[in-house]
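What follows is a set of notes on a single structure, which appears directly below.
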Amino acid sequence: MADLNDPARLAELHHVLLHDEADALLDASVARAAELAETPMALVSLVVRHIQLFRAHHGLPPELCVSCATSRSSSFCQLVVRDEAPLVIEDASRDERVPRELVERYGIRAYAGVPLRVRGHVVGSFCVLDAVPRRFGPQVVEGLERLAAEVGARIEALGSDAPPPSSAANERLARLEQTARTLEHALEAIGPAIAAAQSAAAALADAPVAALSPADLREAVDCYRDMFAIAAELAEDAMALARSSPAGAASELALATRSLTRDMVEIGPLVRLAEGVLQGTLDGGAAARAAHVVRDAFAAHETASAAVRRIIATAERMRATEAS
């Protein structure tokens, strides 16, 4: 049984999480999977620490298309990653292995998923879903495994698209520290809005996103959008420093920025859902059904703040070493 929080497994997700734009090959793969299995839904699911992210999807409900995520704890795909083996569910309402939330909230009744591997690590699941009970023949699982191999290769290719190293290591380190402090201030500034959302989530079981005022929502959305770009810049600088000096503090710095990037990505569903509420593309019922994603994003904000503090402390130590 695999450890869902294995650092080596999570590390394989780092670069692909930085590439969240639509990918033609991944989109084509989920469409082919849905056609193969004759199901209305198919996913490339990446299982992170708090949530599962949909890197490509076909046929999802509108709120899941917006958030592109569900809670990891309520997912079927976590079982594929945990067991590192295919999972076939013919009637989820009668299957005690599966979490109840997706069954009850979205009416998922049937599922077939296979491991999605990147350099030997199972990073997620390539799966098809149906809203009615049904059987999946062996040819479906075999076809999903062939497609999953193509998807895994594509994810590896995305992960290898790293920025070129810089010869000006000292300048890069100084810029990284300054960027990290900017991000620290931004995370502190957005803290009151996060706290308000947390209080609303505790008081209301339905839609904590919608419980915030439009002004608070807009502030949170704008701030997080800026922070995503800052976190990506930090990650590029840290990876370049680690390549030029792979041991010691530079390695620590790279690990901390990877952790930060994953946290920022996991906050993404909260931001996308908030945007949907602000733009009127999600009604109250849809936002309520997606509320569990928002609750999981609160924890990611706290761990992102801790990661930034580690980055700053490590950068200060590296600069002091360079100066001595």
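The values are calculated or read from the model by the stated rules, or taken from the named source; none is laboratory data. This structure is a prediction, so every number in the text was calculated from the model and none was measured. In this analysis, Cβ positions are derived from the backbone assuming ideal geometry, glycine residues included, and neighbour counts consider all displayed protein chains. Ligands, DNA and RNA are excluded from the accessible area calculation, which covers all protein heavy atoms including side chains. Shrake-Rupley method; radii C 1.70, N 1.55, O 1.52, S 1.80 Å.
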- [ ] List the GluC sites (Glu not before Pro) within segment 52-103 that fall in a DSSP loop (any state other than H, G, I, E or B) and whose Cβ has at most 11 other Cβ atoms within 10 Å.
- [x] Glu96
- [ ] Mind grabbing the accessible area of Ser251 for me, 1.4 Å probe, Å², rounded to tens?
- [x] 40
- [ ] Can you list which of the trypsin sites (Lys or Arg not before Pro) found in segment 1-100 are DSSP loop residues with at most 11 other C-beta atoms within 10 Å?
- [x] Arg97
TODO: Just the number, please: Stokes-Einstein D of segment 1-136 in µm²/s, Kirkwood Rh from C-alpha pairs, 25 °C, 0.890 mPa s.
DONE: 166
TODO: Name the long-range amide H neighbours of Ala56: under 5 Å, sequence gap of 5 or more, or other chain; modelled H, no Pro or chain starts.
DONE: Val44
